[in-house]
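Below you'll find the structure, written out as structure tokens, and then a few comments.
The values are calculated or read from the model by the stated rules, or taken from the named source; none is laboratory data. Every value quoted in this text rests on a predicted model; they were computed, and no experiment measured them. Methodologically, a virtual Cβ is constructed for each residue, glycine included, from the backbone with ideal geometry; neighbour enumeration extends over all protein chains shown.
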Amino acid sequence: MSNVANTIFSPELAARFDHLVTLYPVKRSALVPMLLYAQDEIGYVSDAAVSEIAQRLSLEELDVRNVLSYYSMLRTKPAGKYNVQVCTNISCMLRGGYTVLEHCKQQLGIGHKEVTPDGLFSLEEVECIGACCWAPAMQVNYDFHDDLTPEKVDVVLEMYRKGQGKDVK
Amino acid sequence: MPDVTLTVDGKQITAPAGTLLIEACKAAGIEIPAFCYYPGLSLQAACRMCVVRIEKMPKLATACTTTVAEGMVVQTETPEIVQARKATLQLLLGNHPLDCPVCDAGGECELQDMTFKYGAASSFYAEPKNHREEQQWSPVVYFDRPRCILCYRCVRMCGEGMDVFALGIQNRGSSAVIAPNVPAHLSPDQLAHVDCEQCGMCIDACPVGALTSGTYRYKTRPWEMNHVATVCTHCGDGCKTTLGVRSTSSGAEIVRGDNRDKSGINGDFLCNKGRYAFDFANHEGRITQPLVRKDGTLQPASWEEALSVAGSRLKELRDSRGGAALGVVGSNRITNEEAYLLQKFARTVLGTNNIDHHRTADYVAFAQALAGHADRAASLHDTLKAPAVLVVGGDPTTQAPATAWNLRSNVRQNRARLYLANVEPIKLRRQAKGFLQLAPYGYNALAAYLAGDEAAAAAAAADHAALASFREAVKAEQDLLILIGAELRGAELKRLIEFGLSIPGAKLALLADYVNSRGAADMGLLPDMLPGYTPVGSQSALATEYGAGTQPELTKPGMDLLEIFDAAARGNLAALYVVGSNPVGRLGIDPATLKDTFVVVQEMFLTETAALADVVFPAANLYEKGGSVTNSYGDLQLVSKAGDTAGVRSDFELIVRVADKMGADVRKLVPFGTSTGLRADMGQTRGAQSGEADRHAIWLAANNLEPRLSPFDPFAILDEVQRLVPGYNVLRLQLLSGNDQHLSPATPATVDLSQRRDLVSPSGDSLFTSGTLGRYSSMLGDLQRNQAQQLVQIHTAAD
Ligand code: SF4
Ligand code: SF4
Ligand code: SF4
Ligand code: FES
Ligand code: FES
């Protein structure tokens, strides 16, 4: 049973949130993880999610928006089913990160922070994702793909298009 | 805390341990620049303007977050520091528009001052500036994003200070921006707004012109105004507000209200009414010439005609029907001098005790209950310092916003313990240590229960355990400050006060609605009380002065407000004299009631009451005259003339002129220039003696004294107030210096309160209303509409 009546989240996530708020000396410390889990479930942080999180943490919605807007990896608009994040930070840049990014743009027909019309893919240029040893790298949802070339990118994208890619949350 | 000694710029200073370096320096006369630091709010250390060099510290340190320490050696202004501050300024100016020539803050801007001082005049940035359009967040709050220097003062002010939390900070780094609580995408007009109390404290705190006020923006420049410190007319707290005044062809227009030097009783604070609701003074509906009823309609008349009609008719009616057939209604918004003069006029010229006003709290019972305990009457200052506070009834957040501000500050800064007993879950409960939910109408029962009457528990609150522990907690306190709302009156109020007096060191105050509600009662605008709560008919210097005893009707209480209108309905009221009040509108009096009554009204507007009058005199408002007022707590303050509207006169002058036309001896009414009084050359003579007059004026000013040569000078009557009214032992120099002083009632308890009729009727004003006067403030009207719209939005959003 969720602590919030008419929760907008799944029963599992609601239960997780109920527990989460008990873990910290002050409730609001649960804010950032909550935003992230909410995004993972809904695909982005919706206004309804902002309201419920504010309610759960006894915060003003404004407080939630303040924190939400600070983090570039939290979204307030839906992303594609597969969110493609291409790293162009130093290591990747030196090893062709921009080529990978350009190739993605071309193949998907979308730019930075855009979503394909069918809602399958979205694209983002991001800072270092911690895979420098295998640069250039990209991340699709939470799954890593490294040592990329345009050809490898095509394979990866095709895999997701066919619904065969991993889709971990 | 013990003092520590440190060296700043080679000068030894001492300060209590724990003091912030910036404050210690300020106290020693050393100014350290600061943008983000704001006394009383949490520390932010966001701007780095306050950096200083402290010996043995590796880097420059922020004086706004460093506490003083024994032996500390500090440099506050070296080439290194100057360079650091200059660099900070250059960064701030990187995207700052260069619109000082049109910016509201120009001339009063901390960024401008600092740029001037540190000479960061040229920029290293060649990039174009990132311009954003100005946003209107509410009728009174505007935001100009590029001007913002991200000091977060507004965010802290609104959150910590106001407990509203309507402003936040969004995004990060160079795109960080101050954001209001109604985001554009959730707003029907797709524009961002604030849903808040509209106090304007954020604007006041903003060191630059990023937040500007709807009333003042782009109207004038700071140096083009005269700044007059006076007292806000809108609630019983009586904040000092500084009105910015500009000359116009018809007098002097008030263009701004703000808290300029923060030297008043309200410290930092002003609410929306003190800041914006001065605009009634400029309302186009002002009456600016006398009106006399001719052939059934009110028509403009000359002063001479109107005064003669009023004077001769009043005299005639007094002589033919007697003082008992005359009634007088006074105001909560006139000065003490005017209120005193009005009751003196009623009692000595009209010969009647039929005088009353709209009572918004029972100060008679308050004075009676505190008789002999003058030191137990609290001042507004106590709300900021008392270690524990009990608030019974009322809702300070909306009815006495400065009181609420002080209580919040006291809880935040001194950990004061706040206890509330209320029938509503009022907003201050968020700061309260204990909140007692009372049963409907449970105030009297609570007073009885606190005083030890266990049987009253059932009627006081549903939760008996909470009630019991609440009483226990309150009784365990010492030096408790008890604030009482207008819900408690008469014998029950007395009972609560007696309970309060049983607590060691407790102090009490009774909260009323308008600037001089307390003064109106203090000055005897009551049928049964002379000034200073001297019962009519008792032996006193006042009674002798007013001839009670020689005139038998003056030894008996007169008719109260309701009785006056009852008498009118019966055809027994020959004349009614109303000063700055709208009883017809407020009490819903049928106009036919006054058909046989000769009505004289001193008013600013054609209110329901003025519309029925036979003679209407155009009156000046509180911002257009001098004198003194007394707030709910008994703090006396000076009122100064700021605005000026051609064609109006002060209530003081009007009363004197009417009395004169009635054939009264004006010199008796207002003791001016008497044989013991003052005669002086005020510059009428020019030529060889002119220097004499100027020297005299300078001498008077230097000694905070005033010449008293005119019957229209309110200070002429203040002498008499001081001489005759118990408790009004005014320190003249204190008053004239613009400082508040606390007065408490000083009459013995002689009145049987259970026999007094309860005529208190609180005005029920909200944050955005102010009685009849408030109807003539277009800004308050805008704020009401804005508020109503927002409620609709919130409801539609919830559906
Ligand atoms: S006007 Fe007052 S309540 Fe509104 S945002 Fe500014 S500080 Fe907050
Ligand atoms: S709007 Fe003014 S007070 Fe608020 S952060 Fe910007 S500069 Fe500071
Ligand atoms: S708190 Fe009262 S006195 Fe102070 S500004 Fe507001 S209305 Fe005026
Ligand atoms: S730079 Fe791309 S993963 Fe670190
Ligand atoms: S005033 Fe010290 S950092 Fe801003």
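Side notes on the structure shown:
- Residues within segment B:325-355 that are part of a helix (DSSP H, G or I) and of a type in the set (S, T, Y), tallied: 2
- Residue within segment A:26-40 that is outside any helix (DSSP H, G or I) and within 14 Å of another protein chain (Cβ to nearest Cβ) present: no
- Among the residues of segment B:132-158, those identified as touching a Leu at 6+ places or on another chain (Cβ under 9 Å) and more than 12 Å from ligand 2 (Cβ to nearest atom) are B:Q136, B:S138, B:P139, B:V140.
- Selection status of A:A54, part of a helix (DSSP H, G or I), within 14 Å of chain B (Cβ to nearest Cβ) and in contact (Cβ under 8 Å) with a residue 12 or more places away in the chain: no
- For segment B:535-554, the condition holds for no residue, the condition being that it is closer than 30 Å to B:G452 by Cβ and of a type in the set (F, W, Y).
- Residue match in segment B:128-135 (condition: at pLDDT 95 or above, out of contact with any Pro (no Cβ under 7 Å at 6 or more places or on another chain), within 16 Å of ligand 3 (Cβ to nearest atom) and more than 9 Å from every other protein chain (Cβ to nearest Cβ)): no
- Check on B:N406, under 29 Å from B:T772 (Cα atoms) and in the same structural domain as B:K661 (by TED's automatic domain parsing): no
- Lone qualifier among B:A205, B:A179 - being in contact with a Gly (Cβ under 6 Å, 6 or more places away or on another chain), within 15 Å of ligand 1 (Cβ to nearest atom) and among the small types (G, A, S): B:A179
- Check on B:D144, within 13 Å of another protein chain (Cβ to nearest Cβ), away from ligand 3 (no atom under 16 Å from the Cβ) and in contact with a strand residue (DSSP E or B) (Cβ under 7 Å, 6 or more places away or on another chain): no
- Selection status of A:D47, among the acidic types (D, E), surrounded by fewer than 19 Cβ atoms within 10 Å (Cβ to Cβ) and at pLDDT 95 or above: yes
- For segment B:600-616, a residue qualifies if it is more than 23 Å from B:S517 (Cα to Cα) and crowded, with 24+ Cβ neighbours inside 10 Å, and the qualifying residues are B:A613, B:V615, B:V616.
- Criterion (touching a residue at least 24 places away in the same chain (Cβ under 8 Å) and not assigned by TED's automatic domain parsing to the domain that holds B:N332) met by exactly one of B:L438, B:L493: B:L493
- Taking the criterion of being more than 9 Å from every other protein chain (Cβ to nearest Cβ) and under 21 Å from the mean Cα position of the chain (by Cα), the only residue of segment A:57-66 that qualifies is A:V64.
- For segment B:517-553, residues that are crowded, with 19+ Cβ neighbours inside 10 Å and among the β-branched types (V, I, T) total 2.
- In segment A:76-84 there is no residue that is in contact with a strand residue (DSSP E or B) (Cβ under 6 Å, 6 or more places away or on another chain), without any contact (Cβ under 8 Å) to a residue 40 or more places away in the chain and away from every other protein chain (no Cβ under 14 Å).
- Segment B:253-278, subset in contact with a Lys or Arg (Cβ under 7 Å, 6 or more places away or on another chain) and hydrophobic (A, V, I, L, M, F, W, C), residue surrounded by the most Cβ atoms within 10 Å (Cβ to Cβ): B:I265
- For B:V8, the criteria (1) crowded, with 21+ Cβ neighbours inside 10 Å; (2) over 30 Å from B:F269 (Cβ atoms); (3) within 12 Å of ligand 5 (Cβ to nearest atom) hold in every case but one, which is (3).
- Per this entry, B:D268 is counted among residues that are part of a loop (DSSP other than H, G, I, E, B), within 16 Å of ligand 2 (Cβ to nearest atom) and either closer than 30 Å to B:L384 by Cβ or within 14 Å of chain A (Cβ to nearest Cβ) (or both).
One line per residue, one yes/no per condition, for (1) more than 12 Å from ligand 2 (Cβ to nearest atom); (2) over 24 Å from the mean Cα position of the chain (by Cα); (3) surrounded by fewer than 17 Cβ atoms within 10 Å (Cβ to Cβ); (4) outside any helix (DSSP H, G or I):
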residue: B:H185; (1), (2), (3), (4): yes, yes, yes, no
residue: B:P188; (1), (2), (3), (4): yes, yes, yes, yes
residue: B:L191; (1), (2), (3), (4): yes, yes, yes, yes
residue: B:Q198; (1), (2), (3), (4): yes, no, no, yes
residue: B:C202; (1), (2), (3), (4): no, no, no, no
residue: B:G209; (1), (2), (3), (4): no, yes, no, yes
residue: B:T212; (1), (2), (3), (4): no, no, no, yes
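- Of residues in segment B:179-193 being aliphatic (A, V, I, L, M) and facing chain A (nearest Cβ under 10 Å), the one nearest to A:A48 (Cα to Cα): B:L186
- When the helices (runs of 4 or more DSSP H) confined to segment B:453-525 are screened for residues that are over 31 Å from the mean Cα position of the chain (by Cα), those reaching at least 2 such residues are found at B:457-460, B:464-475.
- Each residue in segment B:572-616 was checked for being among the basic types (K, R) and either free of Cβ contacts under 8 Å to residues at least 24 places away in the same chain or not in a helix (DSSP H, G or I) (or both), and 1 of them qualify.
- Within segment B:617-670, if we keep just the residues that are basic (K, R) and in a loop (DSSP other than H, G, I, E, B), the residue that is surrounded by the most Cβ atoms within 10 Å (Cβ to Cβ) turns out to be B:K625.
- Within segment B:156-174, the set of residues being within 9 Å of chain A (Cβ to nearest Cβ), of a type outside the set (D, E, K, R) and either within 16 Å of ligand 5 (Cβ to nearest atom) or more than 25 Å from B:T398 (Cα to Cα) (or both) comprises B:I169, B:Q170, B:N171.
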